[in-house]
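Structure first, commentary second.
The values are calculated or read from the model by the stated rules, or taken from the named source; none is laboratory data. Computed from a predicted structure; not experimentally measured. Here the Cβ positions follow ideal geometry from the backbone for every residue, glycine too, while neighbour counts run over all protein chains shown. Note: areas computed on protein heavy atoms with side chains; ligands, DNA, RNA excluded. Shrake-Rupley method; radii C 1.70, N 1.55, O 1.52, S 1.80 Å.
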Amino acid sequence: MSAVIEQGNAEDQPDPWAYAERQLKDLTSLPDGWDGEDAPPVSPMAAKRVMRLIRAITDSNSVFPTLVTDYEGGVTAEWRSGRQRVAIEIDSTGEAYLYANDPEGNSVLEDLVPFNQEAYRKVRIARNELSRMSARVSRINPNWRCLFQ
């Protein structure tokens, strides 16, 4: 006997931005000392910049990121599938780094992302890798979004 998960209507489907914003809201709502020591919640600057980059590298077909905070008010958004990885790391001051590995696990991007013209090339690389990852995930499991409802 096998289980079939039916895909709902498009308007019922979550999107990567709303999913990331919900996670980020939880991380910015953490109390000071959430780690039992003195860790702060995600800083407002880190929150603003991570969402800016998430919106730049995702589209409505993108798989969803996982967001985690560090112990200094920074945040990381990460996408993984097999050996492929795309990640955005933002420190508490808003300094941003992008990382991307291809499906074989080879690094194609690992660099600081200044918020200027130079950022477009790096964002495009991360966006292309995330698009490849998302297409592969959707091909293997076309109903993956049901996991996030």
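When the range 44-75 is filtered for residues that are hydroxyl-bearing (Ser, Thr, Tyr), touching a residue at least 40 places away in the same chain (Cβ under 8 Å) and either open to solvent by 70 Å² or more (accessible area, probe 1.4 Å) or closer than 11 Å to Ile90 by Cα (or both), the ones remaining, listed by number, are Thr66, Thr69.
Condition check ((1) modelled with pLDDT under 95; (2) closer than 20 Å to Gln23 by Cα) across all residues:
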position	(1), (2)
Tyr71	yes, yes
Glu78	no, yes
Gly82	yes, no
Ile90	no, yes
Gly94	yes, yes
Val108	no, no
Val113	yes, no
Gln117	yes, no
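Restricting attention to the range 12-67 and to residues that are over 14 Å from the mean Cα position of the chain (by Cα) and polar (S, T, N, Q), the residue that is nearest to Val123 (Cα to Cα) turns out to be Ser43. For the range 124-141, a residue qualifies if it is charged (D, E, K, R) and open to solvent by 30 Å² or more (accessible area, probe 1.4 Å), and the qualifying residues are Arg124, Arg127, Arg132, Arg136, Arg139. In this structure, is Gln84 in contact with a Pro (Cβ under 8 Å, 6 or more places away or on another chain) and surrounded by fewer than 19 Cβ atoms within 10 Å (Cβ to Cβ)? No, not satisfied. Applying a threshold of 7 Å to beta carbon distances and a minimum spacing of six or more residues, or different chains, the list of pairs starting in the range 12-28 at a residue that is among the hydroxyl-bearing types (Ser, Thr, Tyr) and ending at one that is in a helix (DSSP H, G or I) and at pLDDT below 95 reads Tyr19/Phe148. Among the residues of the range 76-113, those identified as of a type in the set (A, V, I, L, M, F, W, C) and without any contact (Cβ under 8 Å) to a residue 40 or more places away in the chain are Ala87, Ile88, Ala100, Val108, Leu109, Leu112.
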